[in-house]
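Novice: Let me give you the structure first, and then I'll get to my questions.
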Amino acid sequence: MARLGTVRSHYCALLLAAALAVCAFYYLGSGRETFSSATKRLKEARAGVPAAPSPPVPELARGSVAPAQGAKAKSLEGGGAGPVDYHLLMMFTKAEHNAGLQAKARVALRSLLRLAKFEAHEVLNLHFVSEEASREVVKALLRELLPSAAGFKCKVIFHDVTVLTDKLFPVVEAMQKHFSAGSGTYYSDSIFFLSVAMHQIMPKGSGFISVVSFPSWLPVLNPLRRVADGVKEQSSDLCWGCSSWGSTARMERKPRPCVLCRTEIMRIIQLDLDLKYKTNIRELFEEFDNFLPSAIIGIAREMQPVYRHTFWQFRHENPKTRVGDPPPEGLPGFNSGVMLLNLEAMRQSPLYSRLLEPAQVQQLADKYRFHGHLGDQDFFTMIGMEHPELFHVLDCTWNRQLCTWWRDHGYSDVFEAYFHCEGHVKIYHGNCNTPIPED
């Protein structure tokens with residue numbers, strides 16, 4: 001019996017030692033965070049609470065690749081593994097016989113592509129709204145400019161201006177009379193209100209078209225080959241593929257019809273053509289991270305006393321108003337040459353949806369005695385006076401406007417208060433046909 005008791009004692013001691021070893025392995029020996037600590041850290045991160053630093057990660061195994069220094073972990077599009085998409089949109093219409101517009105487009109695209117830098121898993125999506133004749137002009141420009149571009153991958157997507165105008169007209173018809181110069185003028189066309197309703201005409205789940213068929217030299221896009229069942233080709237939208245590797249760039253000779261994918265575009269930047277880029281356009285996408293929760297659009301202030309003039313009656317009736325006054329204390333209005341559109345936030349905002357209703361547009365136009373002629377820019381300026389929380393104001397260096405027309409037309413005494421801009425210019429805007437400084 002004594003020997004049996006001794007055996008049982010040794011057996012119990014062995015079990016206890018094994019249990020202590022397991023505990024030591026999980027809490028002391030591995031050097032990695034526990035499941036509980038990891039869960040706590042993730043919850044704190046989602047809630048915006050600074051988390052304690054994670055334990056050091058073991059050295060990468062031979063043959064693995066470390067992330068690029070300074071690369072952001074959060075992607076704008078893609079939802080995880082696979083390519084990350086960055087979307088730019090430009091209007092390019094009535095360009096076939098317009099040498100001036102073609103020259104502006106050449107300056108814009110050359111500077112954009114020359115300075116653009118993206119990681120290997122990132123794709124720049126260039127969207128052009130155009131008719132067939134202008135589409136050929138764009139393709140010729142891209143064939144000329146892409147061979148000298150830096151090494152990154154891109155897609156080129158064309159949207160038929162007539163198709164988009166038909167979709168836009170029911171949404172923006174009521175507001176055009178408040179923000180257009182008159183029938184038949186440049187901004188009277190519905191397409192120049194595209195940014196106002198882009199979140200509606202490009203709905204969630206179908207959204208913009210995505211390329212599903214590209215040559216084998218663009219391997220990063222291969223995951224986009226999968227197409228939702230039952231989705232038909234959109235013959236009015238054509239996609240081109242381009243890729244640059246070092247000093248060599250290639251572009252698919254023939255466009256292919258694009259097919260809608262389930263992935264939606266959540267964020268897009270709309271740009272005028274009379275721009276010249278002085279920095280990597282990828283940096284502008286980082287401004288989305290600076291939006292406050294209520295903001296849905298990023299846009300720079302107007303740098304002339306345009307709206308001091310447009311709101312003259314409201315300012316006369318309200319002499320203490322900030323409406324139309326220069327920055328930093330005033331509300332000078334917005335300039336739509338560079339716009340960051342958080343399409344998902346626009347879709348989810350009940351306030352913005354109400355502001356699109358004809359009755360609401362009429363009410364604000366009456367309140368501010370407003371009648372403009374600059375399309376979407378006027379609409380955003382007017383609702384910004386009432387609801388500034390909807391907007392993230394970009395620094396003037398992201399849209400350094402050069403037009404000085406109002407300085408010579410009655411506002412020379414206050415012009416510099418609007419026009420002043422400090423800092424290294426990232427994008428020049430040659431509005432009202434103003435020459436842009438040479439490099």
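Novice: Once the piece of chain linking E329 and V171 is laid out straight, how much longer is it, given 0.36 nm per residue of separation minus the C-alpha distance between them?
Specialist: Working: separation 158, 0.36 × 158 = 56.88 nm, distance 3.36 nm.
Here the answer is 53.5 nm.
Novice: Same structure again: What's the local net charge at N318, with K and R +1, D and E -1, over the other residues with C-beta under 11 Å away?
Specialist: Once all neighbours under 11 Å are counted, the net charge is +4.
Novice: Sorted by accessible area (1.4 Å probe), largest first, how do H387, H371 line up? Could the numbers behind the result be given before it?
Specialist: Details: H387 45, H371 110 Å².
Order by accessible area, largest first: H371, H387.
Novice: Spin-label point model (7 Å from Cα, Cβ direction): what's the T434 to W312 distance in nm?
Specialist: Placing both labels 7 Å along Cα→Cβ, they lie 2.1 nm apart.
Novice: What does the charge count around P435 come to, taking other residues whose C-beta lies under 15 Å from its C-beta (Lys +1, Arg +1, Asp -1, Glu -1)?
Specialist: Within the 15 Å Cβ shell, the charges total +1.
Novice: Follow-up question, since we're still on this one. Once the piece of chain linking E389 and V414 is laid out straight, how much longer is it, given 0.36 nm per residue of separation minus the C-alpha distance between them?
Specialist: 6.3 nm
Novice: Hey, another quick one. Can you give me the Cα centroid spacing of segment 424-439 and segment 88-148 in angstrom?
Specialist: Rounded to whole Å, the Cα centres lie 17 Å apart.
Novice: May I ask you to derive the FRET efficiency for R106 and H371 from their Cβ-Cβ distance with R0 = 35 Å, giving the value to the nearest 0.05?
Specialist: It comes to 0.50.
Novice: What trypsin sites (Lys or Arg not before Pro) in segment 293-391 are in a loop by DSSP, with at most 15 other Cβ atoms within 10 Å of the Cβ?
Specialist: K320, R322, R369
Novice: Ordering W405, W312 by accessible area with a probe of 1.4 Å, largest first, what comes out?
Specialist: W312, W405
Novice: Another question, if that's okay. How many nm separate the modelled label positions at H121 and D289, each set 7 Å beyond the Cα in the direction of the Cβ?
Specialist: Between H121 and D289, the simple spin-label model gives 1.6 nm.
The values are calculated or read from the model by the stated rules, or taken from the named source; none is laboratory data. Note that the coordinates shown come from a computational prediction; the quantities given were computed from them, not determined experimentally. Here the Cβ is made from the backbone with ideal geometry for all residues, glycine too, and neighbour counts use every protein chain on show. Side chains are part of the model used for accessible areas, which takes the heavy atoms of the whole protein and leaves out ligands, DNA and RNA. Shrake-Rupley method; radii C 1.70, N 1.55, O 1.52, S 1.80 Å.
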